[in-house]
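The values are calculated or read from the model by the stated rules, or taken from the named source; none is laboratory data. Note that the structure is a prediction, hence the values are computed from the model and not measured. So basically every Cβ, Gly included, is an ideal-geometry build from the backbone, and we count neighbours across all protein chains shown. Areas reflect the complete protein model, heavy atoms only, side chains present, ligands, DNA and RNA absent. Shrake-Rupley method; radii C 1.70, N 1.55, O 1.52, S 1.80 Å.
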Amino acid sequence: MSGARIEFDDVSVAFGERRALHGVSVALDQRRIGIIGSNGSGKSTFARMLNGLVAPSSGQVRVLGLDPAHQAKQLRRRVGFVFSNPDAQIIMPTVAEDVAFSLRGRELSLAEKRDRTAAALERFGLTEHADAPAHSLSGGQKQLLALCAVLFGDPDLVVADEPTALLDLANTRRIRRHLLDELSQQLVVATHDMRIAAQCDIVLRFENGGLHDQGEPAAVIHRYERDHA
Amino acid sequence: MITLYRPGTSILHRAPAGVKILVLAILALAISLLVRDLSSLALAAAVTVGAYLLAGLGVTGLAAQVVAIRWIIVTMLGTQLVFLSARLAALNTGRVVIVIVLVSLLSLTTLTADLLDATDRACQPLRRIGVDPAQVALLLAMTVTTIPVIAGFASTIRDAQRARGVPLRLQFLVVPLLIMSLRHADDLADAVAARASE
Ligand SMILES: Nc1ncnc2c1ncn2[C@@H]1O[C@H](COP(=O)(O)OP(=O)(O)OP(=O)(O)O)[C@@H](O)[C@H]1O
Ligand SMILES: [Mg+2]
């Protein structure tokens, strides 16, 4: 293997009879990686392999030098994952507690945890909701909270699976700004929003479980739209 | 939506979280084991009303909690009426409602952080038999987080059905509620795996 940050070597995934991915080989070092493709093409499966939520049926995966199948715990400490359904990612009852959850197990004083949490909430415009029940937020605010909580753990790699699927224009723009403009870490984002894909450094396109196309975003997106015209 | 902490200065707000959990556990146990007829159910209900008054939440505060779980009540009552007598169905449902409402009272008057600390400390002795107190505290926190979500599912389903003119029938509520809850449990398990990496 080449030693890239994300490496797939002839990876296939089957759920029972159904093949979700087959024969995927790719090495990725780009900072912002967009994943596009039709419904059911394997985007989520690919994304979920990056932190070991899905294991390969055959082939080899390495992420940040780790094997997700056997080193999932170490890997998840370094990979932040944003799901598309904001309801299901909230673990703790209130907004501030949910963000602070990302510091669980770190050797920090209570005061320091509180200060850092407050600063993070401020950055995402959630300060006034700090002590509100997390589920009383709107969908867009919940997704901001989810992103805030994930970034708060200071991951080396951020994986987002359709992070704007349920959002309105304003919140889509905010998430896009946080993910694409302000993020300094490596990002993998699966999306149906071509504006997000266009802003990436490389785009991969999946079709029918195979890696169908990859390369410069504008070109890959153009071919995708042409095929579905 | 079952609301969480309501700031206040009542004796219930000021009491240590550990004491409250202990009293609640004893009450819940007593209600489950001892309430066998309608008069003892009435007594338990009276104790609950008293506790809400003591917390300064009033009868309206209590009513809000009951309204929030109305679909759970309907579902429980309906399922049991199929198999049991009306009296028994009312008794069983009454017991569960009272326990849920009392648990809500705990989260209404206690900061979750205090709750978790208390659980953590209370569970320390269990370490010896291999129980991780932090895991128990996490489970408790997630339960507190999940109650309003499930209650929200039930309202969403009922609203959608009402919009389409579907009459209130138990099987129309139970099946989608179960499916949504199971899917939520699945998604939540993924999120916990992704976020709780120790
Ligand atoms: N847990 C699972 N069990 C069975 N089949 C699955 C599972 N997860 C995914 N699949 C199947 O694998 C294929 C790829 O699914 P995947 O979720 O990766 O697609 P996707 O590109 O993310 O689609 P979408 O755009 O709809 O989110 C689909 O045929 C899907 O039905
Ligand atoms: Mg998907």
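Some values worked out for this structure:
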| quantity | calculated |
| --- | --- |
| In the stretch A:127-136, the residues that are in a helix (DSSP H, G or I), open to solvent by 10 Å² or more (accessible area, probe 1.4 Å) and either within 12 Å of chain B (Cβ to nearest Cβ) or within 16 Å of ligand 1 (Cβ to nearest atom) (or both) | A:135, A:136 |
| Any helices (runs of 4 or more DSSP H) falling wholly within the stretch A:137-229 and containing at least 3 residues that are open to solvent by 60 Å² or more (accessible area, probe 1.4 Å) and modelled with pLDDT of 95 or more | A:217-227 |
| Unmet criterion (only one of (1) buried (at least 20 other Cβ atoms within 10 Å of the Cβ); (2) more than 14 Å from chain B (Cβ to nearest Cβ); (3) within 16 Å of ligand 2 (Cβ to nearest atom)) for residue A:39 | (1) |
| Every residue from the stretch A:75-112 that is facing chain B (nearest Cβ under 8 Å), of a type in the set (S, T, N, Q) and surrounded by fewer than 23 Cβ atoms within 10 Å (Cβ to Cβ) | A:85 |
| Test: residue in the stretch A:108-124 that is part of a helix (DSSP H, G or I), of a type in the set (Gly, Ala, Ser) and modelled with pLDDT under 90 | yes |
| Of residues in the stretch B:1-56 being touching a strand residue (DSSP E or B) at 6+ places or on another chain (Cβ under 9 Å) and open to solvent by 60 Å² or more (accessible area, probe 1.4 Å), the one nearest to residue B:87 (Cα to Cα) | B:1 |
| Candidates B:186, B:159, B:117, filtered to the one that is open to solvent by 50 Å² or more (accessible area, probe 1.4 Å), farther than 28 Å from residue A:52 by Cβ and within 11 Å of another protein chain (Cβ to nearest Cβ) | B:117 |
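Okay, residues lined up against (1) in contact (Cβ under 8 Å) with a residue 24 or more places away in the chain; (2) closer than 21 Å to residue A:106 by Cβ:
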site	(1), (2)
B:130	no, no
B:137	no, yes
B:141	yes, yes
B:147	yes, no
B:151	yes, no
B:154	yes, no
B:159	no, no
B:164	no, no
B:167	no, no
